[in-house]
Amino acid sequence: MSGRQIGPRRSVFQDRASAVYVPPRRILQVEAVGSAEAAVLRSPVKEEVAAEREEPPTVVVTPEAVRVEPRGGPGYRRQVHDLVTDGVAARRLLVGETFTDPGEWSSYPPHKHDERVPGRELPLEELYYFKVDPPHGFGVQLVYSAERHLDVAYRVQDGDVVLIPFGYHPSAAAPGYRLYYLWALAGEERGLTYRDDPLHAWVRGR
């Protein structure tokens, strides 16, 4: 890929994203032609594993190629933008964006992806990078395990990052503020599979 220009994006709340997937052992040179904010997400691949197969080409995801999907129901509606998911043959990474309206919950019902259950769940680590509109607002991020060995609540603000090594991880936007998060998942196996917290899964069926 040579001389390809992407952007601009006025803000995450105004325009769709552009993304570039770069396979292992590939070098990409990036030059900003103005003020810019970019997120670099990567996951290590063992050298001997990387050498076992031919890697796919570098992929540019344009705003027009971003898949947009509304999800949820009353009280937990959000919009999900897929960037590096099924349409990009990445080795480990899955990347997207979620937009949550004021007062709504997201990643709800609470779900997790930290066990290998054939056809239902894969072990994947995840992180969220948050933006808030207006930026002086806040949201809430919960991370907990079924046994409550992990049980924390974060007040998330514009620019915060939360690492989710395991467990259920719902979030909520404070009334009056839109909440955005860039999400990235990575694991030895790649797939958008998860299991809901059985205590709250009934919400989907109401």
Measure off 7 Å from each Cα along the Cα-to-Cβ vector at Ala153 and Gln5, then give the distance between these two points in nanometres to one decimal.
-> 4.9 nm
Using R₀ = 22 Å, calculate the FRET efficiency as 1/(1 + (r/R₀)^6) where r is the Cβ-Cβ separation of Ala65 and Glu37; round to 0.05.
-> 0.60
Say each of Ala89 and Asp15 gets a label point 7 Å from the Cα, pointing the same way as Cα to Cβ; how far apart are those two points in nm?
-> 3.0 nm
Gyration tensor verdict on segment 102-206 (Cα atoms; rounded if a/c is under 1.5, prolate if a/b is larger than b/c, oblate otherwise) | prolate
Could you please state how large a percent of the accessible area of the chain is carbon and sulfur, counting protein chains only and using a 1.4 Å probe?
-> 51 percent
Any idea what the relative contact order of segment 112-206 is, in percent, if you count C-alpha pairs under 8 Å spaced at least 6 apart?
-> 39 percent
At most 15 other Cβ within 10 Å, DSSP loop - trypsin sites (Lys or Arg not before Pro), segment 109-168 | Arg116, Arg120, Arg148
So what is the accessible area of segment 78-206 per residue, in Å², with the probe set to 1.4 Å?
-> 47 Å²
Can you give the charge dipole size of segment 1-141 about its Cα centre, rounded to the nearest 20 debye, using +1 on the beta carbon of Lys and Arg and -1 on the beta carbon of Asp and Glu?
-> 100 debye
Enter the per residue convex hull volume of the chain, computed from alpha-carbon coordinates, in Å³ rounded to the nearest integer.
-> 136 Å³
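The values are calculated or read from the model by the stated rules, or taken from the named source; none is laboratory data. All of these numbers come straight from a predicted model, not from anything done at the bench. Note that we place each Cβ from the backbone using ideal geometry, even for glycine, and neighbour counts take in every protein chain shown. To get the accessible areas, we keep the full protein, side chains included, count just its heavy atoms, and leave off ligands, DNA and RNA. Shrake-Rupley method; radii C 1.70, N 1.55, O 1.52, S 1.80 Å.
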